[in-house]
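A short write-up of the structure that comes next.
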Amino acid sequence: MISLKKYLDLTDTAPEEQRGAKRASGAVEAGTLASAIAAYQSALREMGSCSVDACPALGVRLQLGLSDIEEKLSTDTSRAALDVAQAEAAAQLKQWGRDTAGHYRKKTDEVKDMLLTMAKTAESVGERDKRCGAQISEVTTRLKRIATSMT
């Protein structure tokens, strides 16, 4: 994003004699700019795709947003359009990052609560088993007493 902007800034602020030389190689510059735009669009597609892999619950929204930016650049590659694309992409990526961090914090809290509930349940079962064990031991002792008193 930034390199395209710097490229355009250099093109607009070059001295007149450099501009003349650049006009002679305008086809090369147009090809370079088109290649840079295509690379930028490809990067937007890949970021969107990777966001779905990283967080399926929230990645689709980012993927669609970046796809919209990519589509706009298909029809308008002006300096203003690139500036808008850069700002929109940065805003969407920042928002997705915040949302994804919050999403995973929430999921972590849910797993933590579930593990604590399981630990309490296991502790409760262990205590019940101890009581049952004590009761069985008591019954065994009584049965032995009864058996020995019968002899």
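Nothing in this text is a laboratory measurement; each read-out follows from the coordinates by a stated rule. The structure presented is a predicted model; accordingly, all values stated were derived computationally and were not measured.
What is the extension gain from S42 to L143, computed as 0.36 nm multiplied by their sequence separation minus the C-alpha to C-alpha distance, in nm to one decimal?
Working: separation 101, 0.36 × 101 = 36.36 nm, distance 8.12 nm.
Separation in residues times 0.36 nm, less the Cα-Cα distance, equals 28.2 nm.
Annotation: Cα Rg of the stretch 43-109 relative to the compact-globule expectation 2.2 N^0.38 Å equals 1.21.
Between A30 and S49, what length comes free when the chain is fully extended (0.36 nm per residue of separation minus the Cα-Cα distance, one decimal in nm)?
Working: separation 19, 0.36 × 19 = 6.84 nm, distance 2.84 nm.
Difference between extended and current length: 4.0 nm.
Counting lysine pairs in the stretch 75-151 that sit 8 or more residues apart in sequence, or on different chains, and whose Cα atoms lie under 23 Å apart gives 7.
Calculate, in nm to one decimal, what R79 and V111 gain on full extension: separation in residues at 0.36 nm each, minus their alpha carbon distance. Don't skip to the answer; put the middle values down first.
Numbers: separation 32, 0.36 × 32 = 11.52 nm, distance 4.76 nm.
Net length gain for the segment: 6.8 nm.
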